[in-house]
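Reviewing the structure listed below.
The values are calculated or read from the model by the stated rules, or taken from the named source; none is laboratory data. Everything numeric in this text was worked out from a predicted model, so none of it was measured. As a convention, Cβ positions derive from the backbone with ideal geometry for all residues, glycine included, and neighbour counts pool all protein chains shown. Heavy atoms of the whole protein, side chains included, go into the accessibility calculation; ligands, DNA and RNA do not. Shrake-Rupley method; radii C 1.70, N 1.55, O 1.52, S 1.80 Å.
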Amino acid sequence: MTIDRSELRRVMGHFATGVTVITTRDVDGRPYGLTANALCSVSLEPPLLLVCVDKRAESHPAFGRSGVFAVNILGHGHEELSRRFAVSGGDKFAEISHRDGRTGAPVLDDVLGVVECRVVAAHDAGDHTIYLGEIEHLDATEGDPLLFFRGKYRKLSEP
Ligand SMILES: Cc1cc2nc3c(=O)[nH]c(=O)nc-3n(C[C@H](O)[C@H](O)[C@H](O)COP(=O)(O)O)c2cc1C
């Protein structure tokens, strides 16, 4: 059966996710980042997490070269931040408050959570690369998440 790509996107859009900005710092020191929801907590022992990065993304080569990345988990007030990092190229970090994390990958200020990883494996996966990271540091704070469902940003609504 041939799978139509727009149908694949439509159906998988029914799988609600959180939203993150995954960041890295290239070997020349330049920060890179993109909005991402294709990620998964993989293992507790050792602590492993994976992210999937589109090979067409401008950030893609930097993830391969740097060997580190940070997952910045966005809160419900971060829709504009998510939109900014979902546009390809440019200096996305200008005027965005951030600092160097433990691995050197940029960490965004005031996000819901941060998971900092060192890449332990990279797997070719069609038009994406799966980067498997060993977690070196993590932190989270209270707050509601930004959600993504059927192509739209959503917020938690409690009954
Ligand atoms: C909610 C949302 C989730 C996304 N998830 C991913 C993802 O998991 N992996 C990915 O490579 N791109 C993902 N994207 C698309 C990238 O954010 C987008 O292609 C971005 O422009 C890439 O930036 P770059 O070309 O500057 O690296 C997502 C976009 C949105 C809006």
Test: Val42 is in contact (Cβ under 8 Å) with a residue 40 or more places away in the chain and under 17 Å from Ala86 (Cα atoms) = no
ask   = Can you find even one residue in the range 65-76 that is open to solvent by 20 Å² or more (accessible area, probe 1.4 Å), more than 11 Å from the ligand (Cβ to nearest atom) and closer than 27 Å to Leu156 by Cα?
value = yes
query = Would it be correct to say that Arg150 is among the basic types (Lys, Arg), closer than 17 Å to Thr24 by Cβ and either modelled with pLDDT of 95 or more or surrounded by fewer than 16 Cβ atoms within 10 Å (Cβ to Cβ) (or both)?
reply = no
ask   = Ser82: closer than 18 Å to Arg30 by Cβ, touching a residue at least 24 places away in the same chain (Cβ under 8 Å) and within 10 Å of the ligand (Cβ to nearest atom), yes or no?
value = no
query = In the list Gly113, Gly101, Gly33, Gly13, which residue meets the criterion of being within 15 Å of the ligand (Cβ to nearest atom) and either more than 19 Å from Thr129 (Cα to Cα) or open to solvent by 60 Å² or more (accessible area, probe 1.4 Å) (or both)?
reply = Gly13
ask   = Of the residues Ile130, Ile96, Ile135, which single one is free of Cβ contacts under 8 Å to residues at least 24 places away in the same chain and surrounded by 14 or more Cβ atoms within 10 Å (Cβ to Cβ)?
value = Ile96
